[in-house]
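The values are calculated or read from the model by the stated rules, or taken from the named source; none is laboratory data. This is a predicted model, so every value here is computed, not measured. Here Cβ is always computed from backbone atoms with ideal geometry, including for glycine, and neighbour counts include all displayed protein chains.
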Amino acid sequence: MKKDIILAGVGGQGILSIAAVIDSAALSLNYNVKQAEVHGMSQRGGAVQSHLRISSSEIFSDLIGFKQADLIISVEPMESLRYLPFLAEDGWVITSKDCFKNVPNYPDEAELFAQIDTLPKKVVVDAEALAREAGSAKASNIVMLGAAAPFLGISVEAFKAAIETIFATKGQKIIDMNIRAFEAGLACSVGK
Amino acid sequence: MEKMLLLGAEAIAQGAIDSGISGIYAYPGTPSTEITTYVQESKEAKEKGIRSSWSTNEKTAYEAALGMSLVGKRTMICMKHVGLNVAADAFVNSAVTGVHGGVILVVADDPSMHSSQNEQDSRFFGKFALIPVIEPSNQQELYDSVRFGFDLSEKYRLPVMLRVTTRLSHSRSGIVRNYSVVQNEFSLPKDPFQFMLLPALARKKYHNLLETQLLLEEESDNSILNSLEINNEGGQGVIAFGIGYNYLMENISAEKSNYNILKVSQYPLPRKKVEKLFKSSSRVLILEEGYPIYEELLRGYLSVGGATPIDGRLNGVVVREGELDPDNVAKALGLNSKNINPLHELIVNRPPQLCQGCSHRDMYDELNEALAGVANKHVFTDIGCYTLGALPPYNGANSCVDMGASITMAKGAADAGFHPAVAVIGDSTFTHSGITGLLDAVNDKSKVTIIISDNSTTAMTGGQDSAGTGKLFDICLGVGVEKEHIRTFEPLGKYHAENVAILKEEIAYDGVSVIIATRECIQTQLRRKKTEKKDEPLVRNCNH
């Protein structure tokens, strides 16, 4: 088992909360994990990414090489395209459709989604709307995790257990809400 | 045993707690900050009474640690690479005095300058000071190296440098912990003048330091951190330093038998192992995360060099600048290079920017208006979030060189007749290295306007305590700035007009004026409100 994952977004969007659940699930299955993060200046509203690697054998590099990632999980559509050089030829792009426009020259949305549509393997998720339905817009990252789950080589049960662990201190209501968000995301990818 | 998923930085911190440190001293700086933060937040560290609050700058941190070592205790000092420039005086001399309780200096370098002004390589400093340097290749080794480093430090009574780079510090991995050791007993050095560097004593101590070098080399040759594998007599050799080893193994772990590999994670260089590698290889590739320090040394000054050809950053086989990665190492190894399509033109840059609601935004709006119409506008700024004011839409700052340089460079320009000479400096940077420059300006009655953009935290690195919070007015007054020319205001849209007026008045003043523009960092404010909701209200220092 070996998965190389690029998590993408904008500083402050909380991509590391997605990573935390994947890490927890992977460790519970005794997989090795390496997760390179961006701290410091770029966190201030800039483009950020995290390289997350899971494997049943030893992992050497903290960074993923070009054309090697099994999937890109992006919480922002333009950011999903920024890391395409890292995606393997048969890799998946799982992206939210919620644009984060903090630059004046943000691309035209229609053109952007047309470009995403040309990708051979993708899941575009209405993350924020689904998160709201589940109980809170804040859970949109967990919606994205749900959408990515079938491609991560980790069982749904292990993910749900990890969500319970990660949100344990927040109470049962928050856990249930995040489980609903996870399932809503999962439904977007079923059968893909 | 259960693994802890820790950032490299956190692995260092846990390693230090488990290795019996009595204190950790640091000034925040990416990518080193999380080491100290981890100790500050560790329940275990609190129970053990480990001292951990932030120092005013790297030099004060280093010296305090040296004092703690003098009385026999283990201590760790943490900083980013450019922080060591600030602490260099104490650092280099501490190699001559040696230490009593074990001392580890952690320096986190930032090749590729993700959050820095240069990519200087701290191994150079380690070699310069003639002390052992440890440069682990992964997070577990990082954790283990802390114990190893303290033992080495106390064996030779020398400070040990633990050098990491951004990727190792900011990447998480599973860590298996070692047993904990208790803190050292209080004790003074046998030699009451161990830390006395009068020239006559310093000469003797320096001589001893030089004599120790051979022993340190022998340590390196026998170290478990330095491993040599001769797999292919007469074949390709590689020296992989630190994290370079990971990128090497990422590429060749399946074909390892084709290569002779020397992994180096402890310096000085393990001479015998290096010689054996060169003897057994037809070519040697050198992978250094940082400057080509050892490549240059092994090549020698004369280009004729030794019998074995060397490849590395200096002959372009490895990229000359920036960090190593799996792809540039693959290329250096001559392995398959991948064709990468350029990014679609729709994808635009998304540079970092000041947060919505940030006080620096209002300060720049006000300053820009106060300076509107000024010919030769040039604002001297400093290291911190507010450096981002140089970018659009503000275009409000021009220079940023090093901690504190805004004040002193404005002063120098003013001394040459430049007006208006305006400096913008953050509160934490001001106490780190700005106060001495302000004293220079006061003593010379330089015509400078200094804006301390005070958000009451060290914001860029994530909101650490700032040494001058609540004290800035008194500091400026104490340094000798005239009371009527220390102005304070709250940078906020609704006060825009009056703040602009204050700035204009002080810019016109023929002498030193300081404007303290105080408003809490929006990020720390959000966090504080969250905490206050949960807990008792925090007691805040009141500002002038």
Counting only residues in the range B:360-389 that are within 14 Å of chain A (Cβ to nearest Cβ) and of a type in the set (Ser, Thr, Tyr), the one nearest to B:Asn246 (Cα to Cα) is identified as B:Thr387
Just to be sure, is B:Lys279 surrounded by 13 or more Cβ atoms within 10 Å (Cβ to Cβ), under 21 Å from B:Pro132 (Cβ atoms) and either in contact with a Gly (Cβ under 9 Å, 6 or more places away or on another chain) or away from chain A (no Cβ under 14 Å) (or both)? no
Are any residues in the range B:238-266 surrounded by 15 or more Cβ atoms within 10 Å (Cβ to Cβ) and outside any strand (DSSP E or B), and if so, which ones? B:Gly242, B:Ile243, B:Gly244, B:Tyr245, B:Asn246, B:Tyr247, B:Leu248, B:Met249, B:Glu250, B:Asn251, B:Ile252, B:Ser265
Lone unmet requirement of (1) buried (at least 23 other Cβ atoms within 10 Å of the Cβ); (2) part of a helix (DSSP H, G or I) for A:Leu16: (1)
Residues being facing chain B (nearest Cβ under 8 Å), closer than 17 Å to A:Ala148 by Cβ and surrounded by 24 or more Cβ atoms within 10 Å (Cβ to Cβ): count how many of those fall in the range A:20-50. 1
For A:Val103, all conditions in the list (1) within 16 Å of the chain's Cα centre (by Cα); (2) within 10 Å of another protein chain (Cβ to nearest Cβ) hold save one; what is the number of the exception? (1)
For the subset of the range B:16-29 comprising residues that are in contact (Cβ under 8 Å) with a residue 60 or more places away in the chain, within 19 Å of the chain's Cα centre (by Cα) and more than 14 Å from chain A (Cβ to nearest Cβ), which member is nearest to B:His114 (Cα to Cα)? B:Tyr27
Of the candidates B:Asn376, B:Asn349, the one satisfying the condition of being at pLDDT below 95 and in the same structural domain as B:Gly426 (by TED's automatic domain parsing) is B:Asn376
So which residues in the range B:209-237 are closer than 14 Å to B:Lys276 by Cβ, in contact (Cβ under 8 Å) with a residue 60 or more places away in the chain and either among the charged types (D, E, K, R) or in a strand (DSSP E or B) (or both), if there are any at all? B:Gly237
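For (1) in a strand (DSSP E or B); (2) crowded, with 22+ Cβ neighbours inside 10 Å, each residue gets a yes or a no:
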| site | (1), (2) |
| --- | --- |
| B:Ile425 | yes, yes |
| B:His432 | no, yes |
| B:Met460 | no, yes |
| B:Gly470 | no, no |
Of the candidates B:Ser32, B:Ser52, the one satisfying the condition of being away from every other protein chain (no Cβ under 14 Å), under 19 Å from B:Gly15 (Cα atoms) and either touching a helix residue (DSSP H, G or I) at 6+ places or on another chain (Cβ under 8 Å) or not aromatic (Phe, Trp, Tyr) (or both) is B:Ser52
Quick test of your reading of the structure: B:Asp327 fulfils all but one of (1) part of a helix (DSSP H, G or I); (2) within 14 Å of another protein chain (Cβ to nearest Cβ); (3) under 25 Å from A:Asn105 (Cβ atoms). Name the failing condition by number. (3)
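Would you point out which residue out of B:Lys155, B:Lys127 is under 22 Å from B:Arg271 (Cβ atoms) and without any contact (Cβ under 8 Å) to a residue 24 or more places away in the chain?
B:Lys155
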